[in-house]
Amino acid sequence: MAADTSKSLRNQVIYSVFVRNYSQEGTFRKVEEDLDRIRELGTDIIWLMPIHPVGEKHRKGSLGSPYAIRDYRAVNPEYGHMEDFIRLCHAIHEHGMKVIIDVVYNHTSPDSVLASAHPEWFFHKADGSFGNKTGDWWDVIDLDYSPETNRDWRGLWDYQIETLQMWARFVDGFRCDVAAMVPLPFWLEAREKIEQVRPGAIWLAESVEPEFVVCNRSRGIACSSDAELYQAFDLCYDYDIYGLMNGVLTGKVPLADYAAAVNRQEGMYPDNYGKARFLENHDRLRAAFLLPDERARRNWTAFCYFQKGTTLVYAGQERSAAHTPSLFDRDTVSWEGTDISVLMRRLSDIRHRPEFTDSTYRVTALAHDVCAAVHTPKRYSPVEGAEDGSGLHRMLGVFSLRGESSVLSMDRIEGKPVPNGIYTNLIDGSPVEINMGEMAVTGEAVILEIPG
């Protein structure tokens with residue numbers, strides 16, 4: 001684990017923006033115009049998906065994937081000029097937020113600046129032509145960071161790190177695409193050198209599914225697991241258990257299997273581990289598509305914010321957008337759906353409480369697909385305003401993932417018993433009664449502060 005990773009990242013909310021499809025204009029300026037609204041959602045960090053020019057050769061769709069990058073050191077002219085990007089970064093900072101950008105270092109477009117200037121820096125097939133190691137990514141070619149196969153690996157490493165140092169003058173960190181397929185030693189060196197330019201930079205890894213790791217390794221392709229990536233990164237994707245979560249969403253996997261996987265994370269990873277918790281992202285179906293029932297979707301949204309880690313929101317999620325925008329064409333987000341911005345803001349306020357900074361975390365699956373989760377603050381944790389953990393409370397979340405009513409036995413919740421009494425639901429201020437060890441679940445999400 002990166003020894004200096006701050007647990008305060010667990011209190012943060014990241015908002016992901018694909019500039020091309022965020023507005024009809026698809027420009028940096030239009031994102032800037034919307035910063036008041038984005039901040040009001042409770043956003044701490046804006047993640048801009050790739051901002052660079054897109055390649056033309058082997059382009060997918062009419063505009064090409066933003067992940068088929070032509071020039072790492074320029075901005076996509078469709079979005080605006082470099083001055084527009086720098087102005088956007090300044091505006092984000094003025095709104096009290098941070099900004100991170102996508103780093104796509106596993107591959108470039110076939111007609112990239114580097115492919116032309118340094119063909120020796122790339123992976124080559126047996127016939128000597130450019131290629132990639134993942135078949136359906138036919139619009140990109142892979143870079144080769146290995147000293148064993150790239151004689152000028154040092155030149156590539158220096159160029160890429162110098163590029164990061166250039167952008168670090170303006171941004172607060174990086175979301176690193178398919179980070180697992182770029183050698184870990186490179187990321188370790190990059191983190192160390194970026195610290196000199198941007199102390200405390202945020203490093204988010206798009207880690208990959210365990211099955212993808214095993215598949216690559218079986219083909220002789222190096223691929224890092226989450227446990228390895230945590231040496232260089234502050235946050236990893238939740239893909240190690242996403243398949244189980246999706247299985248619960250689609251009714252294919254019991255909730256208990258997913259709860260057990262979440263609980264295993266507590267013992268598998270370092271004490272200051274961070275997970276990017278999401279219901280949707282640009283590579284996955286929208287939550288509103290997977291969860292057409294609004295009450296169920298509200299519960300899943302609340303559970304996502306309650307989970308241990310950093311909440312990741314994809315632009316449009318706050319308006320219940322059900323269509324996943326294309327990465328390859330103009331496909332503007334629909335902002336006409338059900339507005340859950342007020343709920344998301346309230347959930348953000350809750351997750352900024354100190355109880356979520358440093359806790360032990362446990363999830364329990366109950367009948368009727370009700371999920372109960374508990375954050376128990378660590379008593380030795382130095383939290384501002386609550387020395388030695390005193391004054392902090394256990395946080396109990398109860399989420400009816402089908403949006404159905406039921407009766408919950410509090411004896412089945414992990415940890416200390418929940419005393420009888422009338423509590424306040426921190427989400428909406430409504431009273432919640434626990435009587436004779438039972439609580440009535442109305443079908444709406446509940447988050448309670450439990451003394452002791």
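The values are calculated or read from the model by the stated rules, or taken from the named source; none is laboratory data. Worth saying up front: this structure is predicted, and the values here are computed from it rather than measured. Counting neighbours? That spans all protein chains shown, and the Cβs are built from the backbone with ideal geometry, glycine included. Surface accessibility is based on the protein's heavy atoms, side chains included, excluding ligands, DNA and RNA. Shrake-Rupley method; radii C 1.70, N 1.55, O 1.52, S 1.80 Å.
The table below lists the values:
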read-out	value
Estimated [θ] at 222 nm from DSSP helical runs (n ≥ 4, -39500 (n - 2.57)) normalised by residues in the chain, nearest 500	-8000 deg cm²/dmol
Percentage relative contact order, region 86-192, counting C-alpha pairs under 8 Å, at least six apart	35
Sequence-separation-based contact order of the chain, relative, with Cα cut under 8 Å and 6+ spacing, percent	15
Student exercise, region 55-96 dipole from Lys, Arg, Asp, Glu Cβ charges, in Debye to nearest 20	300
Rounded to 5, the percent of DSSP beta bridges in the chain classed as antiparallel	55
Calculated FRET value between ARG87 and GLU336, using beta carbons and R₀ = 22 Å, to 0.05	0.15
Euclidean distance between Cα centres, region 438-452 to region 217-262, Å	29
With eigenvalues of the C-alpha gyration tensor scaled by 5 and rooted, region 173-326, Å	28, 18, 15
Most to least packed among 85-97, 35-47 [average Cβ atoms within 10 Å]	35-47, 85-97
Point-charge dipole on Cβ atoms (K/R +1, D/E -1) for the chain, about Cα centre, debye to 20	360
For the chain, with +1 on Lys and Arg beta carbons and -1 on Asp and Glu, the positive-most of PHE278, VAL171, THR364 along the dipole	THR364
Among (1) 54, 48, 48; (2) 73, 44, 44; (3) 65, 51, 44, the entry derived from the coordinates for Cα extents along the principal axes in Å	(2)
Accessible-area ranking of VAL214, VAL182, largest first, probe 1.4 Å	VAL214, VAL182
By average C-beta atoms within 10 angstrom, highest first, the peptides 10-19, 124-133	10-19, 124-133
Residue-span extension gain [MET166 to THR360] - 0.36 nm each, minus C-alpha spacing	66.0 nm
Among beta bridges that DSSP assigns inside region 44-185, antiparallel share in %, nearest 5	40
Solvent exposure of the chain as accessible area per residue, Å², 1.4 Å probe	40
Whole-number percent relative contact order across region 29-74, with pairs defined as alpha carbons under 8 Å at least 6 apart	33
Of all accessible heavy-atom area on the chain, the percent that carbon and sulfur account for (1.4 Å)	52
